[in-house]
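The values are calculated or read from the model by the stated rules, or taken from the named source; none is laboratory data. Just so it is clear, the model here is predicted, and its values are computed rather than measured. A quick note on method: Cβ atoms are made from the backbone with ideal geometry, for glycine too, and the neighbour counts reach across all protein chains shown. Ligands, DNA and RNA are stripped out before the accessible areas are found, and what is left, the full protein with its side chains, is counted by its heavy atoms. Shrake-Rupley method; radii C 1.70, N 1.55, O 1.52, S 1.80 Å.
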Amino acid sequence: MPIAEVTIADVIGILAPIWHEKASTARKLRQRIRAVLKWAVAMDLRPDNPCDRIGPVLGAQGKVVRHMRALPHCEVAAALRSVQASNARPVLKLAFEFLVLTATHSGEVRRAAWKEIDREEGVWTIWMGPA
């Protein structure tokens with residue numbers, strides 16, 4: 001099909017079957033289609049980009065948030081003792097304890113750098129730079 005003949009219905013027909021079931025794939029595909037059609041507009045091969053007007057038709061992708069269960073406060077000390085008594089490497093035991101005591105995300109602990117920690121003040125300033 002010539003790029004000038006691609007319609008909104010064509011793009012929706014491609015994306016709609018996977019829009020909710022395979023959300024990540026659908027978003028990537030939409031980005032690629034949009035890029036090709038944007039190029040076609042820039043080259044005067046077509047007047048507009050159908051991808052710019054399909055959002056309302058496809059609707060929002062329902063993002064399912066799955067929260068991890070929190071350990072009841074009264075069980076935290078026992079969990080820490082259990083981890084300390086395990087055969088895990090010492091660095092993992094300490095990282096887990098640090099995670100619990102600072103109430104942070106595991107990624108923040110894994111990416112922590114000594115320059116973020118002020119030992120004199122007892123303050124950890126988490127740098128929110130690129131992952």
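Starting from region 29-43, keep only residues that are buried (at least 16 other Cβ atoms within 10 Å of the Cβ), then list their pairs with residues that are of a type in the set (A, V, I, L, M) whose Cβ atoms are within a distance under 7 Å, requiring at least 6 positions of separation or different chains.
Listed pairs, sorted by first residue: 29/15; 30/15; 33/11; 37/6; 40/3.
Could you list, in sequence order, the residues of region 101-131 that are under 21 Å from residue 76 (Cβ atoms) and over 26 Å from the mean Cα position of the chain (by Cα)?
Step one: list which residues in region 101-131 are under 21 Å from residue 76 (Cβ atoms), which gives 101-110, 112, 122, 124.
Listed by number, the list holds a single entry, 122.
Contact list please: Cβ distance under 6 Å, first residue in region 1-26 and within 19 Å of residue 60 (Cα to Cα) and assigned to a loop (DSSP other than H, G, I, E, B), second residue open to solvent by less than 50 Å² (accessible area, probe 1.4 Å) and not aromatic (Phe, Trp, Tyr), pairs at least six apart or on different chains.
18/26; 19/26; 19/58
Only one of (1) closer than 29 Å to residue 18 by Cα; (2) under 28 Å from the mean Cα position of the chain (by Cα) is not met by residue 98, so which one is it?
(1)
Pairs under 9 Å by beta carbon, first residue more than 18 Å from residue 92 (Cβ to Cβ) in region 102-130, partner assigned to a helix (DSSP H, G or I) and of a type in the set (Lys, Arg), six or more apart or different chains?
127/115
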